[in-house]
1. Can you name the condition, by its number, that residue 77 falls short on among (1) modelled with pLDDT of 95 or more; (2) surrounded by fewer than 20 Cβ atoms within 10 Å (Cβ to Cβ); (3) in contact with a helix residue (DSSP H, G or I) (Cβ under 8 Å, 6 or more places away or on another chain); (4) assigned to a loop (DSSP other than H, G, I, E, B)?
2. Quick one: count up the residues across the range 274-291 that are surrounded by fewer than 16 Cβ atoms within 10 Å (Cβ to Cβ) and more than 18 Å from residue 251 (Cβ to Cβ).
3. How many residues does the range 152-176 hold that are touching a strand residue (DSSP E or B) at 6+ places or on another chain (Cβ under 7 Å), more than 17 Å from residue 290 (Cβ to Cβ) and within 16 Å of the ligand (Cβ to nearest atom)?
4. Write out, first by first residue and then by second, each pair whose Cβ atoms fall under 6 Å of each other, whose residues are 6+ apart or on separate chains, and whose first residue, in the range 275-301, is within 30 Å of residue 246 (Cα to Cα) while the second is in a helix (DSSP H, G or I).
5. Tally up the residues in the range 187-213 that are in contact with a strand residue (DSSP E or B) (Cβ under 8 Å, 6 or more places away or on another chain), away from the ligand (no atom under 16 Å from the Cβ) and either over 29 Å from residue 26 (Cα atoms) or in a loop (DSSP other than H, G, I, E, B) (or both), please.
6. For the subset of the range 29-47 comprising residues that are surrounded by 13 or more Cβ atoms within 10 Å (Cβ to Cβ) and under 27 Å from residue 125 (Cα atoms), which member is nearest to the ligand (Cβ to nearest atom)?
7. Within 16 Å of the ligand (Cβ to nearest atom), out of contact with any helix residue (DSSP H, G or I) (no Cβ under 6 Å at 6 or more places or on another chain) and either over 29 Å from residue 123 (Cβ atoms) or outside any helix (DSSP H, G or I) (or both): does that describe residue 67?
8. How about the range 250-272: which of its residues are within 16 Å of the ligand (Cβ to nearest atom) and either loosely packed, with under 12 Cβ neighbours inside 10 Å or under 21 Å from the mean Cα position of the chain (by Cα) (or both)?
Ligand code: ASP
C-alpha cells in the first residue's frame, strides 16, 4: 500500500523528508492541480485550520503562491511581515511567534534570513512549520514545484540529467533542488563561476562544471538561477555584463546544441543577465508552468501536514 501520510509534522527542508514523502506530495499536487483548473477552484479541506504567513524577508511569488494555496483550501489566514511588525522594535522570534500562536494558529509558513530559524521554532511550538525560504539554506516548496514541473515534461526525473546554472553559493533553491533531485534518482550538475560554487559541493553527489556550453550539452533540463546580489557583501564576479557573457543562457547558445532542452527559472528573472528574454519567453521555457504548479504543490504540502494533525 502506498504511503498516505507524511513522515514528518513540519516541512523544514527537503533534507529532512523521505523519497516517499516527496512522491506523496507530488501525487497529491496532481490532484490539486486538477482542482485549481476547475471553474470552482476551491475545496473545503482546511476549513478549520488557521495559517499564519510570517515573512521576515522579502517575497512576492512565494508569499502570493502560499496565500492562494491556503485560500483554495479554505483556510483562515493571517499575514505578517517583519517590516510592519514589532520585530523592528526588538521582539525575539519566539515571542513574536508565540503571540501569533496565542491567537490559536495551527500552521506557520515562515521565511526567515537565518538558516535554522525554522528548526528552532519547531522545537518550541506546537504548530506545523513550513519553511518558505531560510536564508541561503533551503526553499523546499520551490524544489518540489521545480521537480513537479520537470516530471510533467519528462515523465520522471530518474536517470535524467539536470543542471543548475548560476549562483549556487547563495541559493537556497539550488540546495533544495539538489536534495530533491538526488532523492528521486536524477543526475545533478552545478555550473557557474568557481567563486559562486561552494568548495565541497561534490560531496552531495553532484558534478561540478564551469563551462556552460558543456553543461547544456550534457543536460535534459537547465534550471537557471539569478545572481543573488543582495546576499553578496564582496564581489564574486567582476560584473554582471561579464557574467552574462560567460554564463548567460541565450538563444544563440541553445540553437547551437543538437537537442532541445527544458529551461526553468525560479524567478525573479534578471532578463539579459542569467537568461535573455527570447529564451525566458520561448517554447522551451516552463517558467510560468512552475508558477502554476507552485500553487498545487503548496496546497499538497499544507493539506498533508494538516491531515496528520488529527
Ligand atoms: N525566489 C527564489 C527564492 O526566494 C529565488 C530567488 O530569489 O532568486 O529563493
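1. (4)
2. 1
3. 1
4. 278/251; 279/251; 286/149; 289/149; 290/145; 290/149
5. 7
6. My answer is 46.
7. no
8. Answer for the range 250-272, where residues must be within 16 Å of the ligand (Cβ to nearest atom) and either loosely packed, with under 12 Cβ neighbours inside 10 Å or under 21 Å from the mean Cα position of the chain (by Cα) (or both): 263, 264, 265, 266, 267, 268, 269, 270, 271.
The values are calculated or read from the model by the stated rules, or taken from the named source; none is laboratory data. Nothing here was measured: the structure is a model prediction, and the numbers come from that model. Counting neighbours? That spans all protein chains shown, and the Cβs are built from the backbone with ideal geometry, glycine included.
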